[in-house]
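What follows is a single structure, written as structure tokens, with notes after it.
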Amino acid sequence: MKKIKILLATLLISSVAAAQVVNFSGSWKLNTSKSKLNTEFSFAPKTITLVQNGNNLNVEKLSTFDYQDYTTNDKLTLDGKECINPGWQDFQKKSTAVWSEDKKSLIITSKVSTDSDDIIIKEVYKMDGSNMVLESSLSSYNGEMSETIFYDKQ
């Protein structure tokens, strides 16, 4: 009986540990040498700052477009509920964030509806050793683009 209790306790501890989600909090800097970026146009942010607190995630990205730096700030919940943040120009960005089944990846799907098109952005955040990896794809009437972007923790 004692062996069964020990086995059950071990299984319970193992299942709780396996259910732990990754905490991506921190400041992350683009590592271009490891990344697979588009040659003509890359939408990879230079830095990403993530603050993950319970069910809330704040995402700040510093990017460059047309030789101008700009910062975006998104506030999301990690329960799959739709969150609305300012998007490109005066359009709204509607996003949902959910954990992968194994709780090791965070999947953020966003939609920006413009006057002429719906832009769909899918971002998958995961860890590769000490690097954060962002698999990012974008689809619109202009076609599809995807990148695998590596970040070093600062």
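The values are calculated or read from the model by the stated rules, or taken from the named source; none is laboratory data. Since this is a predicted model, take the numbers as computed values, not measurements. Here the Cβ is made from the backbone with ideal geometry for all residues, glycine too, and neighbour counts use every protein chain on show.
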Inset, instruction - Run down 66, 90, 118, 152 and say which single residue is of a type in the set (Asp, Glu), farther than 23 Å from residue 21 by Cβ and in contact with a Lys or Arg (Cβ under 7 Å, 6 or more places away or on another chain). - result: 118
Inset, instruction - Determine whether residue 98 is under 18 Å from residue 21 (Cβ atoms) and within 11 Å of the chain's Cα centre (by Cα). - result: yes
Inset, instruction - Assess whether residue 49 counts as being loosely packed, with under 14 Cβ neighbours inside 10 Å, modelled with pLDDT of 95 or more and assigned to a strand (DSSP E or B). - result: no
Inset, instruction - Considering only the range 83-108, state which residues are in a strand (DSSP E or B) and surrounded by 17 or more Cβ atoms within 10 Å (Cβ to Cβ). - result: 83, 93, 95, 96, 97, 105, 106, 108
Inset, instruction - For residue 76, indicate whether it is farther than 19 Å from residue 23 by Cα, part of a strand (DSSP E or B), of a type in the set (A, V, I, L, M) and modelled with pLDDT of 95 or more. - result: no
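If you go through the range 54-69, how many residues are surrounded by 10 or more Cβ atoms within 10 Å (Cβ to Cβ) and of a type in the set (Asp, Glu)?
1
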